[in-house]
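Worksheet: one structure, shown below.
FYI, it's all coordinate maths here, none of it is from the lab. Fair warning: this is a prediction, and the values are worked out from it, not measured in the lab. In this analysis, Cβ positions are derived from the backbone assuming ideal geometry, glycine residues included, and neighbour counts consider all displayed protein chains.
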Amino acid sequence: MTLPILALSTIFALFSTISASTYDTTLSTRFVYYSAATFCHVSTLTNWECGPACEAEPDVIHVTPVGNEAAGTFSYVAYNSKHNEIVVAFRGSHNTENWIQDLDMIKQQLPGAPSGVKVHTGIYQSYLSLQQGMLGGVNNIIAAYPAAQVVVTGHSLGAAQATLALLDIKNIFNPEHLVFYTFGSPRVGNQAFSDYFMTLYSDYKRVVHLNDWVPHAPLKAMGFSHAGEEIWYYDSDNTESFKICSNQVGQPENTSCSDSQINDSPNSHKFYMDIRVTRQCTLISAENPKARTFLQN
Ligand SMILES: *[C@@H]1O[C@H](CO)[C@@H](O)[C@H](O)[C@H]1NC(C)=O
């Protein structure tokens with residue numbers, strides 16, 4: 001992907017109309033399974049025979065795994081013929097725990113974005129390790145199914161990588177139907193970043209389960225801010241109840257949903273839509289021991 005193409009499509013993106021959709025729990029469940037599949041061993045993923053995560057959507061074909069062994073990162077691009085849907089899902093990293101707890105919290109300018117739009121350096125670097133392969137995969141599948149809706153998703157650090165991917169996919173391909181749900185995402189950048197994101201794409205559904213601690217990191221006090229509409233599942237007794245908190249360009253992050261929680265817990269991070277995200281595989285990704293400790297214990 002060359003920079004001129006990116007700049008040109010950014011200009012086109014300005015002319016596209018964006019209308020917010022309603023949060024859909026059926027979509028949310030389907031996308032948790034897409035996210036869960038990223039934790040499965042690549043040998044089972046390629047034939048879409050990875051266990052419950054794959055069985056949830058049997059009509060997935062053209063699975064293109066995109067991994068970076070050195071960075072320990074993984075994602076895949078695929079096509080669901082039943083829903084005419086291109087899937088782009090991110091796993092995150094083998095050291096998710098380190099990224100999120102990294103106290104340096106160094107931010108860097110996001111290339112191609114207006115000055116002052118900054119993202120967490122660790123998250124950005126981990127995304128870069130997948131960027132080219134992922135965009136190549138999307139390019140191939142979009143060429144074959146140009147009218148398909150494009151779904152971008154991920155859990156945890158994978159959700160953060162998906163946020164950066166969404167911007168690239170929007171800027172480069174500008175698909176007519178672009179759907180973006182994430183689960184348990186950490187904050188990705190500063191408020192200039194979340195404003196930039198929401199200006200380009202206003203339909204982000206950011207799902208947070210109960211008192212999941214990951215969406216509280218990195219801290220607002222460190223200058224980080226969430227983008228998108230938060231869908232907060234707030235009730236441990238009624239797991240279907242949720243509350244929606246909107247975020248507005250130019251306004252600080254909405255604190256009426258999960259930000260109103262004081263006792264954050266690592267346990268809620270493991271479950272989204274009542275699905276234990278990393279336990280939906282017959283064979284777990286082999287190179288992922290740290291994520292296992294963190295997410296699965
Ligand atoms: C937070 O979200 C709620 C629900 O969408 C909305 O009514 C409220 O105005 C938002 N608050 C801020 C500060 O944006």
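For this structure, a couple of remarks:
- Assigned charges on the beta-carbon of Lys, Arg, Asp, Glu; segment 134-216 dipole about Cα centre (debye): 100
- Amide H contacts of Cys40: Ser285, each under 5 Å away and 5 or more positions distant or on a separate chain (H built 1.01 Å from N in the peptide plane; Pro and chain starts excluded).
- Only Lys, Arg, Asp and Glu carry charge here, each on its Cβ (+1 for the first two, -1 for the last two); on that basis the chain has a dipole of about 420 debye about its Cα centre.
- Considering only Cys50, Pro266, Gln131, the residue lying farthest towards the positive end of the dipole of the chain is Gln131, judged by Cα position with unit charges set on Cβ.
- Highest average packing first - 58-65, 229-236, Cβ atoms within 10 Å: 229-236, 58-65
- Working note: Cα gyration tensor of segment 131-216, eigenvalues times five, square-rooted, sorted largest first, giving semi-axes of 24, 14, 12 Å.
- Rg/Rh ratio calculated on Cα atoms of the chain (Kirkwood radius): 0.93
- Dipole magnitude for segment 223-274: computed about the Cα centre from +1 point charges on Lys and Arg Cβ and -1 point charges on Asp and Glu Cβ, it is near 120 debye.
- Whole-Å semi-axes of the ellipsoid equivalent to segment 22-68 (Cα gyration tensor, √5λ, descending): 20, 11, 9
- Calculated diffusion of segment 178-264, Stokes-Einstein form, Kirkwood radius summed over Cα pairs, 10 °C and 1.306 mPa s, µm²/s: 123
- Packing rank of 139-149, 251-261, 27-37, where each peptide gets the mean count of other beta carbons within 10 Å, highest leading: 27-37, 251-261, 139-149
- Helix content alone sets the calculated 222 nm mean residue ellipticity of the chain: runs of n ≥ 4 DSSP H residues at -39500 (n - 2.57) each, divided across all residues, give -10000 deg cm²/dmol.
- Whole-percent pair-distance distribution, where bins are 10 Å wide, for the alpha carbons of segment 216-278: 18, 50, 28, 4
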